[in-house]
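Trainee: Sharing a structure, written as structure tokens. Questions coming.
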């Protein structure tokens, strides 16, 4: 089996784009989300994208294939909300294992097909582990600053269930992403380390935080350097940023991160900032030119896209990335 570290030494690896952006094009109805199996389910299910791995698996497989065709080396599983905490919104906590397992299996089957067709360009699957919709660091009640809607231990347990299912489904990497609260991420990393120890395995871990605005901090208030310090006790494959900002706005924070870490670096920014309708207007060519600035400055090892990015965006990024060498990490070791 291909070793992702060896591939990272050779070239810049391309991550896929937005799953949600692609799913919007299908205009799935409530009935489509439910499928035959959940047609009488008591809760509304439209918008539960993770569920589509069970009810519309062909669409999920097709999206993975489109990103691989566009030049992606790594696709993310359709499991961004695959925890009991996030699935409580749909009363689907009992489906967590199946949702993660099937999502991983779908992605892995597509990846294996592409690797078989071109063994010189092995394809990888990253198990997407989202931040949940609750924060361990901040109170949701302005009148009770000491209150927390979730505990570290509850997060750890939920993440552990997700991680076990993703690994069973065949993922090559675990990607803890869109981190707005590093305490949540630390619970995910703790859970991963537990599973690694229990199973005596060593699966690569990617970590990707979110700088929420021009203050250059995460939502829970950490600077780039504080975020990096908080997670660097774990042996990570890569550390980086995604979401919230477009490639142009993200660059200064990526620069600071790249200068301070011995890990490989990753970025998957949005296609610019959202417009008044919450849509993303940045064209593949515009995004390509901003990403090329990263490449010229040697900031990156893994590059892809987040909200608003399509296979066309990933193809444009992959085309320009071919011309550059990956960021060197030796000087930090």
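Trainee: Residues to consider are 106, 85; find the one that is closer than 21 Å to residue 189 by Cα, within 19 Å of the chain's Cα centre (by Cα) and in a helix (DSSP H, G or I). Don't jump to the end; show me each part of the working.
Mentor: On the way: 106 fails: closer than 21 Å to residue 189 by Cα.
Among 106, 85, only 85 is closer than 21 Å to residue 189 by Cα, within 19 Å of the chain's Cα centre (by Cα) and in a helix (DSSP H, G or I).
Trainee: Shifting gears a bit: Read through the list (1) under 27 Å from residue 2 (Cβ atoms); (2) in contact (Cβ under 8 Å) with a residue 60 or more places away in the chain; (3) crowded, with 17+ Cβ neighbours inside 10 Å, then give the number of the only condition that residue 155 fails.
Mentor: Every listed condition holds for residue 155 apart from (1).
Trainee: Now, a different point. Within segment 165-183, work out how many residues are in contact with a helix residue (DSSP H, G or I) (Cβ under 7 Å, 6 or more places away or on another chain) and on the phi > 0 side of the Ramachandran plot.
Mentor: 1
Trainee: Still on this structure, please answer the following. Being more than 22 Å from residue 311 (Cβ to Cβ) and surrounded by 21 or more Cβ atoms within 10 Å (Cβ to Cβ) is the requirement here; does residue 280 meet it? Write out each step before concluding.
Mentor: Values: more than 22 Å from residue 311 (Cβ to Cβ): no; surrounded by 21 or more Cβ atoms within 10 Å (Cβ to Cβ): yes.
The answer is no for residue 280.
Trainee: Have a look at 135, 79, 84 and point out the one that is closer than 22 Å to residue 162 by Cβ, surrounded by 16 or more Cβ atoms within 10 Å (Cβ to Cβ), touching a residue at least 60 places away in the same chain (Cβ under 8 Å) and touching a strand residue (DSSP E or B) at 6+ places or on another chain (Cβ under 8 Å).
Mentor: On inspection, the qualifying residue turns out to be 79.
Trainee: Say we look at segment 227-237 and pick out the residues that are within 14 Å of residue 257 (Cα to Cα) and in contact with a helix residue (DSSP H, G or I) (Cβ under 8 Å, 6 or more places away or on another chain); which of these is surrounded by the most Cβ atoms within 10 Å (Cβ to Cβ)?
Mentor: 227
Trainee: If you take the residues in segment 255-274 that are free of Cβ contacts under 8 Å to residues at least 60 places away in the same chain and within 20 Å of residue 173 (Cβ to Cβ), which one is farthest from the chain's Cα centre (by Cα)?
Mentor: 257
Trainee: Follow-up. Are any of the residues in segment 50-66 in contact with a helix residue (DSSP H, G or I) (Cβ under 9 Å, 6 or more places away or on another chain), under 30 Å from residue 221 (Cβ atoms) and surrounded by 20 or more Cβ atoms within 10 Å (Cβ to Cβ)?
Mentor: Within segment 50-66, one or more residues are in contact with a helix residue (DSSP H, G or I) (Cβ under 9 Å, 6 or more places away or on another chain), under 30 Å from residue 221 (Cβ atoms) and surrounded by 20 or more Cβ atoms within 10 Å (Cβ to Cβ).
Trainee: Please specify each residue of segment 186-216 satisfying the condition of being farther than 17 Å from residue 270 by Cα, modelled with pLDDT under 95 and either crowded, with 17+ Cβ neighbours inside 10 Å or in contact with a helix residue (DSSP H, G or I) (Cβ under 7 Å, 6 or more places away or on another chain) (or both).
Mentor: Answer for segment 186-216, where residues must be farther than 17 Å from residue 270 by Cα, modelled with pLDDT under 95 and either crowded, with 17+ Cβ neighbours inside 10 Å or in contact with a helix residue (DSSP H, G or I) (Cβ under 7 Å, 6 or more places away or on another chain) (or both): there is none.
Trainee: Does residue 171 satisfy the condition of being in contact with a strand residue (DSSP E or B) (Cβ under 9 Å, 6 or more places away or on another chain), modelled with pLDDT of 95 or more and in a loop (DSSP other than H, G, I, E, B)?
Mentor: Yes; evaluated as a whole, the condition is true for this residue.
The values are calculated or read from the model by the stated rules, or taken from the named source; none is laboratory data. Owing to the predicted nature of the structure, the values given are computational and were not obtained by experimental measurement. Quick reminder, even Gly has a Cβ in these numbers, built from the backbone with ideal geometry, and neighbours come from all protein chains shown.
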